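Worksheet: one structure, shown below.
The values are calculated or read from the model by the stated rules, or taken from the named source; none is laboratory data. These figures come from a predicted structure and were not determined experimentally. Virtual Cβ from ideal backbone geometry, glycine too; neighbours counted across all protein chains shown. The accessibility values were calculated without ligands, DNA or RNA, using every heavy atom of the protein model including side chains. Shrake-Rupley method; radii C 1.70, N 1.55, O 1.52, S 1.80 Å.
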Amino acid sequence: MAGVPSYRRLAEQTLDQVARNLNAMPQGNVATAEIEARAAAAQAIATVAVAQALLEIGDVLREALKRGDA
């Protein structure tokens with residue numbers, strides 16, 4: 001059984017999802033509303049990645065404090 005992924009790994013996976021979504025953006029004559037909606041969705045997903053990265057930073061700092069490294 002695989003272990004629980006770190007927040008860093010989750011953030012990487014989430015950013016990969018954002019990249020896939022942006023790469024799938026339609027080209028050519030596309031309604032502005034569709035582009036805006038897809039861009040907003042990508043931004044929302046990227047915001048989740050930022051939150052995951054911040055949680056990872058918090059976990060690392062907490063561990064360092066417990067060990068007395070910081």
Report task. Kindly report the accessible area of the chain per residue (heavy atoms of protein chains, probe 1.4 Å, no ligands, DNA or RNA), in Å². Result -> 77
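How much of the calculated P(r) for the chain lies past 17 Å, in percent of all Cα pairs? Don't skip to the answer; put the middle values down first.
Working: 1355 of 2415 pairs.
Here the tail beyond 17 Å accounts for 56 percent of pairs.
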Query raised in the report: Which listed residue (VAL50, VAL4, ASN29) has the Cα farthest towards the positive end of the charge dipole for the range 1-51, taking +1 on Lys and Arg C-beta and -1 on Asp and Glu C-beta about the Cα centre?
Result: VAL4
Report summary line: Under a Gaussian network model of the chain whose springs join Cα atoms within less than 10 Å, the largest fluctuation of GLU56, GLU36, GLU12 belongs to GLU36
Query raised in the report: What angle, in degrees between 0 and 90 and rounded to the nearest 10, separates the Cα long axis of helix 32-67 from the longest principal axis of the Cα atoms of the chain?
Result: 10
**Report entry** Angle between the chain longest axis and helix 7-23 axis [Cα atoms, degrees, rounded to 10]
**Finding:** 10
